[in-house]
Amino acid sequence: QVQLVESGGGLVQPGGSLRLSCVASGSIFSINTMGWYRQAPGKQRELVARVTSGGSTNYEDSVKGRFTISTIARDNAKGTVYLQMNSLKPEDTAVYYCNAYIRIRLGAGFYGYWGQGTQVTVSS
(Lines give C-alpha, C1' and ligand atoms only; values in the text may rest on other atoms or scores of the structure.)
Protein backbone atom coordinates (compact mmCIF):
# COMPACT_ATOMS: atom_id res chain seq x y z
CA GLN A 1 0.00 0.00 0.00
CA VAL A 2 1.34 3.39 -1.03
CA GLN A 3 0.07 6.69 0.32
CA LEU A 4 0.74 10.26 -0.74
CA VAL A 5 -0.33 12.84 1.82
CA GLU A 6 -0.33 16.53 0.91
CA SER A 7 -0.43 19.57 3.15
CA GLY A 8 0.09 23.33 2.98
CA GLY A 9 -2.78 24.62 0.88
CA GLY A 10 -4.95 27.54 1.87
CA LEU A 11 -6.10 31.05 1.09
CA VAL A 12 -3.51 33.68 0.22
CA GLN A 13 -3.60 37.17 -1.23
CA PRO A 14 -2.19 37.92 -4.69
CA GLY A 15 1.57 38.30 -4.46
CA GLY A 16 1.75 36.02 -1.45
CA SER A 17 3.48 32.68 -0.93
CA LEU A 18 2.58 29.14 0.05
CA ARG A 19 4.59 25.98 0.47
CA LEU A 20 3.01 22.64 -0.36
CA SER A 21 4.39 19.37 1.03
CA CYS A 22 3.74 15.78 0.02
CA VAL A 23 5.01 12.70 1.81
CA ALA A 24 5.01 9.31 0.10
CA SER A 25 5.03 6.30 2.39
CA GLY A 26 4.19 2.61 2.49
CA SER A 27 5.46 -0.27 0.38
CA ILE A 28 8.03 1.70 -1.59
CA PHE A 29 11.12 0.15 -3.14
CA SER A 30 12.16 3.20 -5.14
CA ILE A 31 10.76 6.47 -6.48
CA ASN A 32 11.43 7.71 -10.00
CA THR A 33 9.62 11.02 -10.36
CA MET A 34 7.63 13.20 -7.99
CA GLY A 35 5.59 16.16 -9.06
CA TRP A 36 2.66 18.49 -8.65
CA TYR A 37 -0.37 18.87 -10.87
CA ARG A 38 -3.30 21.24 -10.53
CA GLN A 39 -6.88 21.33 -11.66
CA ALA A 40 -8.97 24.48 -11.73
CA PRO A 41 -12.78 24.33 -11.98
CA GLY A 42 -13.87 23.46 -15.51
CA LYS A 43 -10.32 22.77 -16.66
CA GLN A 44 -8.20 19.69 -17.22
CA ARG A 45 -5.55 18.64 -14.75
CA GLU A 46 -2.18 20.04 -15.79
CA LEU A 47 1.42 19.50 -14.80
CA VAL A 48 2.84 22.28 -12.63
CA ALA A 49 6.31 20.95 -11.84
CA ARG A 50 8.15 17.66 -11.45
CA VAL A 51 11.52 16.42 -10.34
CA THR A 52 13.27 13.16 -11.18
CA SER A 53 15.34 11.02 -8.84
CA GLY A 54 18.37 12.42 -10.65
CA GLY A 55 17.37 15.96 -9.75
CA SER A 56 16.15 17.15 -13.16
CA THR A 57 13.19 19.51 -12.99
CA ASN A 58 10.67 20.92 -15.38
CA TYR A 59 7.95 23.51 -14.92
CA GLU A 60 4.80 24.66 -16.63
CA ASP A 61 5.58 27.92 -18.44
CA SER A 62 3.30 30.16 -16.37
CA VAL A 63 5.00 29.20 -13.08
CA LYS A 64 8.63 29.43 -14.18
CA GLY A 65 10.53 31.86 -11.96
CA ARG A 66 7.77 31.83 -9.33
CA PHE A 67 7.51 28.18 -8.22
CA THR A 68 10.30 25.89 -7.06
CA ILE A 69 10.06 22.13 -6.64
CA SER A 70 12.40 20.22 -4.38
CA THR A 71 12.51 16.74 -2.98
CA ILE A 72 14.06 14.59 -0.32
CA ALA A 73 14.36 10.83 -0.73
CA ARG A 74 15.15 8.81 2.36
CA ASP A 75 16.15 5.17 2.21
CA ASN A 76 14.00 4.61 -0.90
CA ALA A 77 11.17 3.97 1.54
CA LYS A 78 9.78 7.42 1.89
CA GLY A 79 10.02 10.48 -0.28
CA THR A 80 8.99 14.06 0.29
CA VAL A 81 8.36 16.69 -2.35
CA TYR A 82 7.83 20.39 -1.77
CA LEU A 83 6.42 23.11 -3.97
CA GLN A 84 7.39 26.62 -2.95
CA MET A 85 4.98 29.03 -4.61
CA ASN A 86 5.84 32.73 -4.66
CA SER A 87 4.21 35.74 -6.32
CA LEU A 88 0.92 33.89 -6.45
CA LYS A 89 -1.74 35.04 -8.88
CA PRO A 90 -5.51 34.48 -8.91
CA GLU A 91 -5.05 32.20 -11.91
CA ASP A 92 -3.01 29.86 -9.71
CA THR A 93 -6.20 29.00 -7.85
CA ALA A 94 -6.81 25.26 -8.15
CA VAL A 95 -6.69 21.94 -6.36
CA TYR A 96 -3.07 20.83 -6.31
CA TYR A 97 -2.30 17.12 -6.50
CA CYS A 98 0.91 15.32 -5.63
CA ASN A 99 2.02 12.59 -8.02
CA ALA A 100 4.79 10.02 -7.74
CA TYR A 101 6.02 7.16 -9.92
CA ILE A 102 6.86 4.38 -7.51
CA ARG A 103 8.23 0.88 -7.74
CA ILE A 104 6.89 -1.27 -4.90
CA ARG A 105 9.41 -4.11 -5.20
CA LEU A 106 12.50 -5.15 -7.09
CA GLY A 107 11.60 -6.12 -10.65
CA ALA A 108 8.23 -4.38 -10.64
CA GLY A 109 7.42 -1.48 -12.92
CA PHE A 110 6.94 2.14 -11.91
CA TYR A 111 3.31 3.11 -11.41
CA GLY A 112 1.77 6.50 -10.85
CA TYR A 113 0.14 7.30 -7.51
CA TRP A 114 -1.85 10.38 -6.52
CA GLY A 115 -2.54 12.29 -3.35
CA GLN A 116 -6.00 13.45 -2.34
CA GLY A 117 -5.40 17.07 -3.37
CA THR A 118 -5.09 20.33 -1.47
CA GLN A 119 -6.95 23.53 -2.32
CA VAL A 120 -4.98 26.68 -3.11
CA THR A 121 -7.02 29.88 -3.40
CA VAL A 122 -5.43 33.18 -4.39
CA SER A 123 -7.80 36.04 -3.76
CA SER A 124 -7.94 39.45 -2.15
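The values are calculated or read from the model by the stated rules, or taken from the named source; none is laboratory data. None of these values were measured; they are calculated from a predicted model. Heads up, the Cβs are rebuilt from the backbone with ideal geometry, glycines too, and the neighbour counts pull from every protein chain shown. Note: areas computed on protein heavy atoms with side chains; ligands, DNA, RNA excluded. Shrake-Rupley method; radii C 1.70, N 1.55, O 1.52, S 1.80 Å.
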Relative contact order for the chain: what is it in percent, counting Cα pairs under 8 Å that are at least 6 residues apart? 36
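Name the trypsin sites (Lys or Arg not before Pro) in the range 60-119 that are in a loop by DSSP and that have at most 15 other C-beta atoms within 10 Å, would you? Working shown, then result.
On the way: sites: LYS64, ARG66, ARG74, LYS78, ARG103, ARG105; in loops: LYS64, ARG66, ARG105.
Counting only loop positions with at most 15 other Cβ atoms within 10 Å, the trypsin sites (Lys or Arg not before Pro) in the range 60-119 are LYS64, ARG66, ARG105.
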Could you check the simple spin-label distance between GLN1 and GLN84, using points 7 Å along Cα→Cβ, in nm with one decimal? 3.5
Provide, for q = 0.22, 0.35 Å⁻¹, the log10 of I(q)/I(0) from a solvent-free Debye sum over equal Cα point scatterers in the range 1-40. -0.86, -1.28
Between GLN116 and GLN39, with labels modelled 7 Å along Cα→Cβ, what's the label distance in nm to one decimal, could you check? 1.6
With every protein chain in place, what's the accessible area of GLU46 (1.4 Å probe, Å², nearest 10)? 70
For the range 38-105, build the convex hull from the C-alpha positions and give me its volume per residue in Å³. 97
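Using DSSP to define loop residues, name the chymotrypsin sites (Phe, Trp or Tyr not before Pro) in the range 32-120 whose beta-carbon has at most 15 other beta-carbon atoms within 10 Å. Walk me through the intermediate numbers first.
Numbers: sites: TRP36, TYR37, TYR59, PHE67, TYR82, TYR96, TYR97, TYR101, PHE110, TYR111, TYR113, TRP114; in loops: PHE110.
Here the chymotrypsin sites (Phe, Trp or Tyr not before Pro) that fit, given the DSSP loop and packing criteria, are PHE110.
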